[in-house]
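Have a look at the structure below before the remarks.
The values are calculated or read from the model by the stated rules, or taken from the named source; none is laboratory data. Small disclaimer: the values here were computed from a predicted structure and weren't measured. Backbone-built Cβ (ideal geometry, glycine too); neighbour counts: all protein chains shown. Note: areas computed on protein heavy atoms with side chains; ligands, DNA, RNA excluded. Shrake-Rupley method; radii C 1.70, N 1.55, O 1.52, S 1.80 Å.
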Amino acid sequence: MTLVRARSDIVLVALAFLAFLAAWQAIVALGRLPAFILPTPATVASRFAVAWTDGTMWPHAATTISEVVLGFGAGSLAGLVVGYGLARLGLLARIASPYLVAAQAVPILAVAQLLSLWFGTGLLAKVVVCGLIVFFPVAISTMVGIREVDAGLLELARSLRARRARVLVDVELPAALPVIFGGLRVGVTLAVVGAIVGEWAGPDKGLGVLINLARGSLFDTPLLFATLLTIALVGIVAYGLVTLAERRLVGIR
């Protein structure tokens, strides 16, 4: 039954994608739009292939992917630790929560400019931007997941004189994993956004830089669309990897 449903979902996604391409082509044809305004799907696909084969895309994509991986890892780890502290230490939650909300309300583009001033335009600034944008959803989901652990399970562990570390590993984390992975799925897509925003702050390589080049000095709209497609694919693959890890650790729900 699960296999049949998966095949049905794939077919529906493929049909929706074909409908999207058809609508895109119709808009270009009926509106008689020039390629520098809205290129056709075929033009974008051709430019996408050329950009990857002639070496234009790969250096920028590799830079962005490295930023996403490092930033997601750092932000997730910090979010897990802080989220657990917020869940189990009431005083910490009361003190830190207003500051976390305030930090989340500050536009990440402004933060990226500030971090570039502090750390320069190298890899570190972009990793910090990614980490910051990933941190909040992971911390909140961890806090909620830990707080929702069945109190009966915790009492049982204490009655068995389980150490705090054993309670965390054997009771709290397994029970909270479904909620935590919800935050991780949101965080990994935001990591891609954070990498692009960080690259707009002044570095010389990355998909965000290629976007600026394509719409600026190169005036290459098909390349701009091809870069956006690459960013979308990076996000889809990253989200898929987190979902796969969730299914391995939690199971299909």
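In table form, for the structure just shown:
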quantity	calculated
For the stretch 179-253, size of Cβ-based charge dipole, Lys and Arg +1, Asp and Glu -1, in debye	360 debye
Degrees between helix 2-31 axis and first principal axis of the chain (Cα, 0 to 90, nearest 10)	40 degrees
Solvent-accessible surface ranking, highest first, for K126, K205 at 1.4 angstrom	K205, K126
Rounded tilt (10° steps) of 123-147 against the dominant C-alpha axis of the chain	40 degrees
Dipole of the chain, positive end: most advanced residue of L117, A226, V13 [Cβ charges, Cα centre]	V13
Listed residues V11, V237, V68, most fluctuating in the chain (Gaussian network, C-alpha, under 10 Å)	V11
Computed over the stretch 65-215: relative contact order in percent, which uses C-alpha pairs under 8 Å that are six or more apart	34 percent
Mean separation of Cα contacts under 8 Å, 6 or more apart, over the residue count of the stretch 139-247: relative contact order %	26 percent
Accessible surface, 1.4 Å probe, highest first, among residues I133, I236, I65	I236, I65, I133
Relative contact order [Cα under 8 Å, 6+ residues apart], the stretch 1-146, whole percent	30 percent
D (Stokes-Einstein, µm²/s), Kirkwood Cα radius, the stretch 39-83, 0.890 mPa s at 25 °C	192 µm²/s
Cβ-placed point charges (K, R +1; D, E -1), dipole of the chain about Cα centre in debye, nearest 20	600 debye
Rg to Rh, two decimals, where the stretch 115-253 supplies the alpha carbon set and Rh follows Kirkwood	1.15
Length released on extending from F17 to L160, taking residue separation times 0.36 nm less the Cα-Cα span	46.0 nm
Cβ-placed point charges (K, R +1; D, E -1), dipole of the stretch 42-166 about Cα centre in debye, nearest 20	600 debye
√(5λ) per eigenvalue of the Cα gyration tensor, the stretch 195-235, largest first, Å	15, 14, 6
Value of [θ]222 nm, deg cm²/dmol, for the chain, DSSP H segments ≥ 4, -39500 (n - 2.57) each, nearest 500	-27500 deg cm²/dmol
Förster radius 25 Å - calculated FRET efficiency between W58 and Q25 (Cβ-Cβ, nearest 0.05)	0.30
Global form of the chain, assessed from the alpha-carbon gyration tensor, a/c cut-off 1.5	oblate
For peptides 46-56, 72-82, sequence by mean Cβ density within 10 Å, most packed first	72-82, 46-56
R7/A93 FRET efficiency (R0 41 Å; Cβ-Cβ; nearest 0.05)	0.35
